[in-house]
Amino acid sequence: MTTSVEQLSAFVETIEKGGFKPASRSLGKHAVTISGLVANLESEIGFELFIRKPRSLELTEKGKELYDHARSVLRELEHFDAKANSLLDDEPSRITLAVDSALRGSELSNVYKQLFLRFPTLEVKIISGDPLLVRSWVLTGQADLGFSMGTFSMPHELSSARAFSFPIANVASPELGLAGKQLTMHQVRGLRQISVNFLKDLGLSDGHNFSNKITYCNNLHEMLELVKYCSCWAIMPLYLCGDALESGEIDKFELDVENTAHWYTDVIWRTEKPVNPAMQFVIDKILQFSDK
């Protein structure tokens, strides 16, 4: 049996477009040519795929069974062509992205969507964790590219590009009754504070922790849930807690200390590793994000 791609395409398009004539317009061939390709396919396999009626075609039961297989073959051929073209253009075969779990959202998902469209055969792996995990994965070669909140220092083995910045806010459980208040460090010292674990691991907690009772957390989404349901407070990115503030699930207050009003995000990669086209594509898209 010497079934050709043209025959399978004619067969599939005839089904999907509803006849030889509309299939011919789709494939850019004459209707007689499409009809002949299908007839030759039927001759090759030894049975009819369509029942020819004066004004229409009816797919046979055997034709119905073959349709999915024919469509799969054509899809595999399309993938083969795309993969061959990507190899010809020296495009990467795979990429691993390490992403700070606090940065997930529709904007980043749209970057993934565009990446899939630009590199259709690229094998993509996405792993997520806190900023130090992201940095570690890139340092050890487990990830090609990292996107995380800034860690305020960078090992010399890593290169970085500053992405968007965002304001932070002091937020508290409504149970504490702090909404709109201006507090001193002394007043919050006895209240439980929820703090990000990576600042402690970096030795930077002194500039961010003001309470005597600290609960550490490596996930900002979990921090928000703790502030909602426990009598505690935290310093959090406004973009993460804005909805909870608006709904009254948490309160915002001011703290009488010198504190960084904005944090920032970084895209990181190993300095020794050449930046391939897929990596550069992701870097460029993330750097287009506006400040929050």
Residue by residue through the range 91-105, what is 3J(HN,Hα) from phi via Karplus (6.51 cos²θ - 1.76 cosθ + 1.60, θ = phi - 60°)? Round to whole Hz and write x for glycine and proline. 7, x, 8, 8, 8, 10, 10, 9, 10, 4, 4, 6, 9, 5, x
Highest first, please rank the peptides 106-112, 190-196 by the mean number of other Cβ atoms sitting within 10 Å of their residues. 190-196, 106-112
What is the spread of the Cα atoms of the range 150-292 along each of their three principal axes, largest first, in whole Å? 52, 32, 24
Mind telling me which of ARG162, ARG25, ARG94 comes out most flexible in a GNM of the chain, alpha-carbon contacts under 10 Å? ARG25
Of the listed values (i) 6, 22, 27, 19, 8, 5, 4, 4, 3, 2, 1, 0; (ii) 6, 21, 19, 14, 12, 12, 9, 5, 1, 0; (iii) 6, 28, 37, 23, 5, 0, grab the one calculated as P(r) over Cα pairs in 10 Å bins from 0, in percent from the structure here. (ii)
For the range 246-292, what is the Kirkwood hydrodynamic radius in Å, using each pair of distinct C-alpha atoms? 14.8 Å
Accessible-area ranking of TRP137, TRP263, largest first, probe 1.4 Å: TRP137, TRP263
Accessible surface, per residue, of the range 199-292 when the full set of protein chains is kept, probe 1.4 Å, Å²: 50 Å²
In the range 12-66, what GluC sites (Glu not before Pro) fall in a loop by DSSP, with at most 12 other Cβ atoms inside 10 Å? none
If each DSSP helix of 4+ residues adds -39,500 (n - 2.57) and the sum is divided by the residues in the chain, what number results at 222 nm, nearest 500 deg cm²/dmol? -13000 deg cm²/dmol
Proportion of all alpha-carbon pairs of the range 81-149 beyond 15 Å (%): 56 percent
What do you reckon, how do HIS79, HIS69, HIS156, HIS221 stack up by accessible area (1.4 Å probe), largest on top? HIS156, HIS69, HIS79, HIS221
Using a Gaussian network for the chain with springs between C-alpha atoms less than 10 Å apart, which of these wobbles most: GLU225, GLU272, GLU254? GLU272
Could you calculate the contour length gain from ASP284 to THR271, that is, 0.36 nm times the residue separation minus the distance between their Cα atoms, to one decimal place in nm? 3.0 nm
Quick one: compute a quarter of the convex hull surface over the Cα atoms of the range 66-213 and quote it in nm². 14.2 nm²
Percent of Cα-Cα distances greater than 16 Å, calculated over the range 1-50: 27 percent
Size of the range 7-98 as Cα extents on the principal axes (Å, biggest first): 59, 26, 25
Ignoring ligands and nucleic acids, what accessible area does LYS53 show with a 1.4 Å probe (Å², nearest 10)? 100 Å²
Trypsin sites (Lys or Arg not before Pro) in the range 207-280 lying in a DSSP loop, each with at most 16 other Cβ atoms within 10 Å of its Cβ, come to LYS213
Mean separation of Cα pairs under 8 Å and 6+ residues apart, divided by the residue count of the chain: what relative contact order is that in percent? 20 percent
Can you work out the FRET efficiency for the pair LYS292 and ASN85, with r the C-beta to C-beta distance and R0 = 35 Å, to the nearest 0.05? 0.40
Express in nm, to one decimal, how much length is gained between TYR216 and GLU254 on full extension, taking 0.36 nm for each residue of separation and deducting their alpha carbon distance. 11.5 nm
If R0 = 22 Å, then SER72 and SER4, at their Cβ-Cβ distance, give a FRET efficiency to the nearest 0.05 of 0.85
Got the relative contact order for the range 148-284 handy, in percent, Cα pairs under 8 Å and 6 or more residues apart? 45 percent
Using DSSP to call loops (not H, G, I, E or B), can you name the chymotrypsin sites (Phe, Trp or Tyr not before Pro) in the range 1-101 whose Cβ has at most 15 other Cβ atoms within 10 angstrom? PHE47
Mean Kyte-Doolittle hydropathy of -1.0 or higher plus an axial Cα length of 30 Å or more: which whole DSSP H helices in the chain meet both? 61-88
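The values are calculated or read from the model by the stated rules, or taken from the named source; none is laboratory data. Quantities reported herein were computed from a predicted structural model and do not represent experimental measurements. Every residue, glycine as well, gets a Cβ built from its backbone with ideal geometry; the counts of neighbours run over all protein chains shown. Accessible surface areas use protein heavy atoms only, side chains included; no ligands, DNA or RNA. Shrake-Rupley method; radii C 1.70, N 1.55, O 1.52, S 1.80 Å.
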